[in-house]
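A quick write-up on the structure given underneath.
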Amino acid sequence: MNDIGNVILTKYLMFADDIKVFGSVSLAPDFERLQLSLTNIDAWCKENFMELNVLKCVVISYKRGAAPVRHDYVLNGSTLKRVDKVRDLGVTMTPSLNSQERIVHITAKASSLVGFKFRSTRNFNSPFTLITLYKSLIRPLLEYGSIVWSPFEKNHVNQLEDIQSRFIRMLEPRLGFTYRTTPVDDVEKSFALLPLSLRRHHADIILLYKLVNELIDCPNILSGIDITTPRGTRSKTIFSRRFLPAYYSYNSGIFRLLKAGSTPAAQLDFFF
């Protein structure tokens, strides 16, 4: 599959035999370039005796604000279906890139799993066993791909935290508490269960550390990280901060990593 990139005229991403072709579009040449890339992909597949499943190929436009400029794209003689959400490597993406769709899905699934685990472990008396099950089977659902969709709106953050709180409240009757009187914060500390928001922050720091220390080979992401030289002896800012007009942009992706890496605790991780 590696040489298929030679016929694609726009940006693209590959994972095994999955390809995403994309580009910024506003004028006719932009649409034509994307369409030519699809035509070339179709020709490459026929040349290499590979059959495309056009029914699994879709188009989605990402744009905040006004409705996007729409254009019909054709692959192997069929017009590609346009969708309002797509599941990409396990993460649901919507045109606004809002994490609400993702959070609703994973919290519903995790909440159902919490109930199932407690029903199926009625005879388990060890809280450590139940916590191990939570860490292995439930918490990963709430954290997978958080680097991409990590929420910044308080209601979204609370939706995720509520799942861990519910698990703790269901756990505590086996420790002598009632469901409504469970000291959630104290139990989290006693069993070393960090708040999920703090764990997402740690994940950001770890990714940033790996990027700047070349433990992850991703030049495109690394190019967005600007290291600054302090102007004064009291300045401890490592990464430059940019002015962003939108609150959404200020809390997205690479900029969230730069903010996380500028905290004093993060600086100790980088240099010692």
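Rundown of residues vs (1) open to solvent by less than 60 Å² (accessible area, probe 1.4 Å); (2) at pLDDT below 85; (3) of a type outside the set (A, V, I, L, M, F, W, C), yes/no style:
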{"site": "Leu141", "(1), (2), (3)": "yes, no, no"}
{"site": "Asn155", "(1), (2), (3)": "no, no, yes"}
{"site": "Gln164", "(1), (2), (3)": "yes, no, yes"}
{"site": "Phe167", "(1), (2), (3)": "yes, no, no"}
{"site": "Glu172", "(1), (2), (3)": "yes, yes, yes"}
{"site": "Thr181", "(1), (2), (3)": "no, yes, yes"}
{"site": "Val187", "(1), (2), (3)": "yes, yes, no"}
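Residue by residue through the stretch 83-110, note down the ones that are in contact (Cβ under 8 Å) with a residue 40 or more places away in the chain, surrounded by 16 or more Cβ atoms within 10 Å (Cβ to Cβ) and not hydrophobic (A, V, I, L, M, F, W, C). Matches in the stretch 83-110: Ser99, Gln100, Arg102, Thr107. All conditions in (1) surrounded by 15 or more Cβ atoms within 10 Å (Cβ to Cβ); (2) under 26 Å from the mean Cα position of the chain (by Cα) hold for Lys56, with the sole exception of (1).
Among the conditions (1) at pLDDT below 90; (2) part of a loop (DSSP other than H, G, I, E, B); (3) over 28 Å from the mean Cα position of the chain (by Cα), the only one that Phe118 does not satisfy is (2). Against the test of being modelled with pLDDT under 85, open to solvent by 80 Å² or more (accessible area, probe 1.4 Å) and out of contact with any strand residue (DSSP E or B) (no Cβ under 9 Å at 6 or more places or on another chain), the options Thr237, Thr233 yield a single qualifying residue, Thr233. For the stretch 190-203, a residue qualifies if it is modelled with pLDDT of 85 or more and out of contact with any Ser or Thr (no Cβ under 7 Å at 6 or more places or on another chain), and the qualifying residues are Phe191, Ala192, Leu193, Leu194, Pro195, Leu196, Ser197, Leu198, Arg199, His201, His202.
The values are calculated or read from the model by the stated rules, or taken from the named source; none is laboratory data. Worth saying up front: this structure is predicted, and the values here are computed from it rather than measured. When we count neighbours, we look across all protein chains shown, and the Cβ atoms used for this are built from the backbone with ideal geometry, even at glycine. Note: areas computed on protein heavy atoms with side chains; ligands, DNA, RNA excluded. Shrake-Rupley method; radii C 1.70, N 1.55, O 1.52, S 1.80 Å.
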